[in-house]
1. Of all residues in the range 233-254, which are open to solvent by 10 Å² or more (accessible area, probe 1.4 Å) and more than 30 Å from PRO52 (Cβ to Cβ)?
2. Taking the condition surrounded by fewer than 17 Cβ atoms within 10 Å (Cβ to Cβ) and either under 15 Å from LEU171 (Cα atoms) or modelled with pLDDT of 95 or more (or both), does LYS85 pass?
3. Taking HIS114 and the conditions (1) touching a helix residue (DSSP H, G or I) at 6+ places or on another chain (Cβ under 9 Å); (2) surrounded by 14 or more Cβ atoms within 10 Å (Cβ to Cβ); (3) of a type outside the set (Ser, Thr, Tyr), which numbered condition does it fall short on, given that it satisfies the others?
4. Yes or no: HIS158 open to solvent by 10 Å² or more (accessible area, probe 1.4 Å) and under 22 Å from LYS105 (Cβ atoms)?
5. When you go through (1) of a type in the set (S, T, N, Q); (2) in contact with a Ser or Thr (Cβ under 8 Å, 6 or more places away or on another chain); (3) surrounded by fewer than 18 Cβ atoms within 10 Å (Cβ to Cβ); (4) modelled with pLDDT of 95 or more one by one for SER198, which number turns out not to apply?
6. As an exercise: evaluate LYS85 against (1) under 21 Å from HIS233 (Cβ atoms); (2) assigned to a helix (DSSP H, G or I) and give the number of the one condition it does not meet.
7. Do you know which residues across the range 59-76 are among the hydrophobic types (A, V, I, L, M, F, W, C) and surrounded by 14 or more Cβ atoms within 10 Å (Cβ to Cβ)?
8. With the checklist (1) open to solvent by less than 40 Å² (accessible area, probe 1.4 Å); (2) touching a residue at least 24 places away in the same chain (Cβ under 8 Å); (3) out of contact with any Cys (no Cβ under 9 Å at 6 or more places or on another chain) in hand, flag the one item ASP181 doesn't pass.
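The values are calculated or read from the model by the stated rules, or taken from the named source; none is laboratory data. Here the structure is a predicted model, which means the values were calculated and not measured. Positions of Cβ are backbone-derived with ideal geometry, glycine not excepted, and every protein chain shown enters the neighbour counts. The accessibility values were calculated without ligands, DNA or RNA, using every heavy atom of the protein model including side chains. Shrake-Rupley method; radii C 1.70, N 1.55, O 1.52, S 1.80 Å.
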Amino acid sequence: MSARLAIPAAPQALAEPQDGAIAERMSAVDWPRLSADLDSQGCAVIESLLPPETCRALAALYDDECRFRSRIVMARHGFGRGEYKYFAYPLPPDVAALRAAFYPKLAPIANRWHQAMKIAARFPDAHETFLKRCHGAGQTRPTPLLLRYGAGDYNCLHQDLYGEHVYPLQLAILLSRPHEDFTGGEFLLTEQRPRMQSRAEVVPLRQGDGVIFAVHQRPVQGARGIYRVTMRHGVSRLRSGQRHTLGVIFHDAA
């Protein structure tokens, strides 16, 4: 289901990149191909989006309580096992830069999908403008988050909706090293098709890879026209070690 896009390594990457470092990496992405992969598969992998130094710095934020607005223990809510924390505003600079940089690149895809699915909502060019729409509807709480899994932990299949205004794409970045920091813990996607059995996909990720994927629904061309498929994502059970992930969601929460 997924397609991989390679990005050349940036020289002298900083531990916490500023907008310029992120922009440099994003400039190497083949955006037309990424758009085509999202249209055909519902997700696309961008290799080496963040360097190892930045991945370690972001994962280390998990124990800095002042960075976050809330902590969720998944087992208490039936979400799985493991935990995650939502960042508070102001977001860490690198998280804010990722959110601001990816939003306008993905907005044409989001608008095209909504048009194809006959959903009235359209998305402005600037993320700040979209956030004002969210906040005006009472969705004022930031949604970017850090997730931590230990041995035996997993994340049930779900959708990150949070309110009336939902951006149809989101980004997750693996911060840990598969087979070194952890084993198991694969990123999972399922696609529920009308009157057909669901399709499942394991998306292989390496440290620093980002995966862009559909949050809720996406359009698919069928023999009788366009229909909607419902997407869910999760994480399979960790066999050993510890896994950290950064989630970048573009709409805020009620």
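1. The answer is ALA254, and nothing else.
2. Criteria not met by LYS85.
3. Evaluating HIS114 over (1) touching a helix residue (DSSP H, G or I) at 6+ places or on another chain (Cβ under 9 Å); (2) surrounded by 14 or more Cβ atoms within 10 Å (Cβ to Cβ); (3) of a type outside the set (Ser, Thr, Tyr) leaves (1) as the failure.
4. Details: open to solvent by 10 Å² or more (accessible area, probe 1.4 Å): yes; under 22 Å from LYS105 (Cβ atoms): no.
Criteria not met by HIS158.
5. (4)
6. Every condition holds for LYS85 apart from (2).
7. ALA59, LEU61, PHE68, ILE72, MET74
8. For ASP181, the failing item is (1).
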